[in-house]
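Take a look at the structure set out below.
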Amino acid sequence: MSDAGWEWDPSLYAGSAPYYVHGRVPYADELVDRLAAALSLDGTGRLLDVGCGPGSLTLLLAPRFGHATGLDADPHMLAEGERQAAAAGITNVDWVNMRAEDLPPDLGPFSVATLAQSFHWMDRARVARLLHVALTADGILVHVHATTHQGIDSDVTLPHPRPPRREIDALVKRFLGRRRRAGQRSLPEVSISEEDRGRYEAETYLAAGFNRPTRIEVPGAVVVRSCDDVVASVFSLSSAAPHSSETDSRLRGRASRPARRCQSRRPVQRTDA
């Protein structure tokens, strides 16, 4: 279990995979460069990207390794990752359809394991222990924090309107209910600050045998998004995943008017390695 009162089920991101690539802002190139420098990546070694989705981080890092493995519980996400890899001509990646909690010891060893916006869905204590076993003796775990679906609030003056996130959230609640949907269930109302969440996760890693983290911060940037991009960002979320075509058409019909360009601030991307 990732949070009290909620258990994972296969429909968590059902229908989201086609929207993920366009709906999520890509990780910054500087993030990859900073990680490559910090980890002394030289095109060798093995990468394990846990909860990889459609390979948003996997495919950026794969050229820095001899081989990369993307692991995810959603087969449609992995199929999208395979399509993206083929389109980019990346051939050193394999895809494993599996929950992180079931990670077998013989899948490794890996020199680097990454968790990018995925750890909160997992049995964190169990997964941390399994990753510690899956890594080489000098292996490194990288935990990436970001909000690539909507960016962050800022005082920066923008030439285009910001996406109407408050109205979009209200629209989702109108159609799907006020409780945050997560698969066939809903998440319990738990209020926890990012600082407290980070502290809990750091303690979880320490308990699993990892050292204290080294933090790397990559500054954000302004990005321009079309209305289709913004709509896709909503459908890329577990809380608004279009489990059916009916949900898709009802939300899309209301969320996509009027047609205009929107602008948002790319979030600061933080890694704990």
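Okay, here's what the table says:
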| quantity | calculated |
| --- | --- |
| Which listed residue, of Tyr27, Tyr20, is more than 23 Å from Leu103 (Cα to Cα), in contact (Cβ under 8 Å) with a residue 12 or more places away in the chain, surrounded by fewer than 24 Cβ atoms within 10 Å (Cβ to Cβ) and among the hydroxyl-bearing types (Ser, Thr, Tyr) | Tyr27 |
| Matching residues in the stretch 131-147 - criterion: being of a type in the set (Val, Ile, Thr) and at pLDDT 95 or above | Val133, Thr136, Ile140, Val142 |
| Flag if Glu80 is free of Cβ contacts under 8 Å to residues at least 60 places away in the same chain, charged (D, E, K, R) and either under 21 Å from Val133 (Cβ atoms) or surrounded by 15 or more Cβ atoms within 10 Å (Cβ to Cβ) (or both) | no |
| Flag for Ile216 being farther than 18 Å from Phe235 by Cβ, of a type in the set (A, V, I, L, M), at pLDDT 90 or above and under 21 Å from the mean Cα position of the chain (by Cα) | yes |
| Residue match in the stretch 93-116 (condition: among the polar types (S, T, N, Q), crowded, with 20+ Cβ neighbours inside 10 Å and modelled with pLDDT under 95) | no |
| Residue ID - modelled with the lowest pLDDT, chosen from residues in the stretch 228-251 that are under 12 Å from Gly23 (Cβ atoms) and not aliphatic (A, V, I, L, M) | Pro242 |
| Some residue of the stretch 204-218 being closer than 25 Å to Tyr13 by Cα and out of contact with any Gly (no Cβ under 7 Å at 6 or more places or on another chain) | no |
| Hits in the stretch 186-230 - residues which are touching a residue at least 40 places away in the same chain (Cβ under 8 Å), within 30 Å of Pro159 (Cβ to Cβ) and surrounded by 12 or more Cβ atoms within 10 Å (Cβ to Cβ) | Glu217, Val218, Gly220, Ala221, Val222, Val223, Val224, Arg225, Asp228, Asp229, Val230 |
| Scan of the stretch 148-200 for residues that are modelled with pLDDT of 85 or more and not in a loop (DSSP other than H, G, I, E, B), ordered by number | Arg165, Arg166, Glu167, Ile168, Asp169, Ala170, Leu171, Val172, Lys173, Arg174, Arg199, Tyr200 |
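The values are calculated or read from the model by the stated rules, or taken from the named source; none is laboratory data. The structure displayed is predicted, hence computed values, not measured ones. Reconstructed Cβ throughout: ideal geometry from the backbone, glycine too, with neighbour counts over all protein chains shown.
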